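Below is one structure, written out as structure tokens, with a few remarks after it.
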Amino acid sequence: MNRRSWLFGLVVTSLVGCASMQAKNVPEVIAADPELSTLSNLISDAGLTQTLSAPGPFTVFAPTNAAFKAVPAKTMDELAKNKELLAQVLTYHVVPGKAMAADVKQGNAKSVNGANLALSKSGTYVTVEDALVTKADLDATNGVVHVVDRVLLPPKR
């Protein structure tokens, strides 16, 4: 292989790599993580993909697939049948603004669904209600995603 062919191959490989690393919005960041596939599907089912693709910014506390498996089947069936209730539960996991883990302050934050979420930080550990952030600061073009180990259910109104 001559030097020119080698250099061309290097440039093409670099361009392909850059294309795959293009910035993603919140729903795309969630969809790209296999551990968040249930959440990604529920966002679509609730009709929130376009909303969460808006400029935001948003901070999303994203429950894992395992977190959704821990939710009682009766509750999941109810969410599947009631898209409005599903949207309320999902928007309870979203806070307006972009809060990186290091920026989290002790106290309440108002979620997009209007209810307060209790946030806490101790050292490098961040919690939201009774959920632990297990993977923090997944950067998106319109906010940030923090992976959590529990599904948060909003208070009854």
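Given the stretch 93-157 reduced to its alpha-carbon atoms as identical point scatterers, what log10 I(q)/I(0) does the Debye formula return at q = 0.24 Å⁻¹?
Result of the Debye calculation: -1.14.
Which trypsin sites (Lys or Arg not before Pro) does the stretch 46-150 hold that lie in a coil by DSSP with at most 14 other beta carbons within 10 Å?
Numbers: sites: LYS69, LYS74, LYS81, LYS83, LYS98, LYS105, LYS110, LYS121, LYS135, ARG150; in loops: LYS98, LYS105, ARG150.
Filter output for the stretch 46-150: LYS105.
Among VAL60, ASN116, ALA99, whose Cα lies farthest out toward the positive end of the dipole of the chain, if unit charges sit on the beta carbon of Lys, Arg (+1) and Asp, Glu (-1)?
Among VAL60, ASN116, ALA99, the one farthest towards the positive end of the dipole of the chain is ALA99.
Determine, for the chain, the count of lysine pairs separated by eight or more sequence positions (or lying on different chains) whose alpha-carbon distance falls under 16 Å.
On the way: LYS24/LYS98; LYS74/LYS83; LYS98/LYS110; LYS98/LYS135; LYS105/LYS121; LYS110/LYS156; LYS121/LYS135.
For the chain, qualifying lysine pairs total 7.
Using Cα-Cα distances under 8 Å and only pairs 6 or more residues apart, what relative contact order does the chain have, in percent? Walk me through the intermediate numbers first.
On the way: 254 pairs, mean separation 41.3, N = 157.
Here the relative contact order equals 26 percent.
Express in nm, to one decimal, how much length is gained between THR134 and ASN116 on full extension, taking 0.36 nm for each residue of separation and deducting their alpha carbon distance. Numbers along the way, then the final one.
Working: separation 18, 0.36 × 18 = 6.48 nm, distance 2.11 nm.
Residue separation times 0.36 nm, minus the Cα-Cα distance, leaves 4.4 nm.
What FRET efficiency comes out for the pair ALA101/ALA54, r = Cβ-Cβ distance, R0 = 30 Å, nearest 0.05? Before the final figure, lay out the partial values.
Values: r = 23 Å, r/R0 = 0.77.
The formula returns an efficiency of 0.85 here.
Starting from the exponent 0.38 and prefactor 2.2 Å, build the expected Rg for the chain from its residue count and divide its actual Cα Rg by it.
Values: Rg = 18.4 Å, N = 157, 2.2 N^0.38 = 15.0 Å.
The chain yields a ratio of 1.23.
Which peptide among 142-148, 126-132 comes first, and what is the full order, when sorted by highest mean count of other Cβ atoms within 10 Å? All intermediate terms of the calculation are to be shown ahead of the outcome.
Numbers: 142-148: 23.3, 126-132: 17.9.
By packing density, highest mean first, the sequence is 142-148, 126-132.
Out of THR134, THR49, THR124, any idea which swings most in a Gaussian network model of the chain, alpha carbons joined below 10 Å?
Fluctuation is largest for THR124.
Assuming R0 = 22 Å, can you tell me the calculated FRET efficiency for the pair THR124 and ALA23, based on Cβ-Cβ distance, to the nearest 0.05? Please report the intermediate quantities before stating the final value.
Details: r = 26 Å, r/R0 = 1.17.
Between THR124 and ALA23 the formula returns 0.30.
So what is the 222 nm mean residue ellipticity for the chain from helices alone, if each DSSP H run of at least 4 adds -39500 (n - 2.57) and you divide by all residues, rounding to the nearest 500 deg cm²/dmol? Provide the component values of the computation, followed by the final result.
Values: 7 runs with 62 residues, N = 157.
Calculated mean residue ellipticity at 222 nm is -11000 deg cm²/dmol.
Between the stretch 93-157 and the stretch 35-86, what's the alpha-carbon centroid distance in Å?
Measuring centre to centre over Cα atoms gives 15 Å.
Please figure out what share of the DSSP beta bridges in the stretch 41-157 is antiparallel and state it in percent, rounded to the nearest 5.
Values: 18 of 24 bridges.
Here the antiparallel bridges make up roughly 75 percent for the stretch 41-157.
Work out how much length LEU153 to LYS83 would gain on full extension: take 0.36 nm times their residue separation and subtract the Cα-Cα distance, in nm to one decimal.
On the way: separation 70, 0.36 × 70 = 25.20 nm, distance 1.47 nm.
Difference between extended and current length: 23.7 nm.
Once you charge only the Cβ atoms, +1 for Lys and Arg and -1 for Asp and Glu, what is the size of the charge dipole of the chain about its Cα centre, to the nearest 20 debye? Before the final figure, lay out each step's value.
Working: 15 positive and 13 negative charges, 38 e Å.
Computed about the Cα centre, the dipole is about 180 debye.
Bear in mind these aren't lab numbers, they're just calculated from the coordinates by the rules spelled out. Everything numeric here is computed off the predicted structure, so don't read it as measured data. FYI the Cβ positions are ideal-geometry reconstructions off the backbone, even for glycines, and counts take in every protein chain you see.
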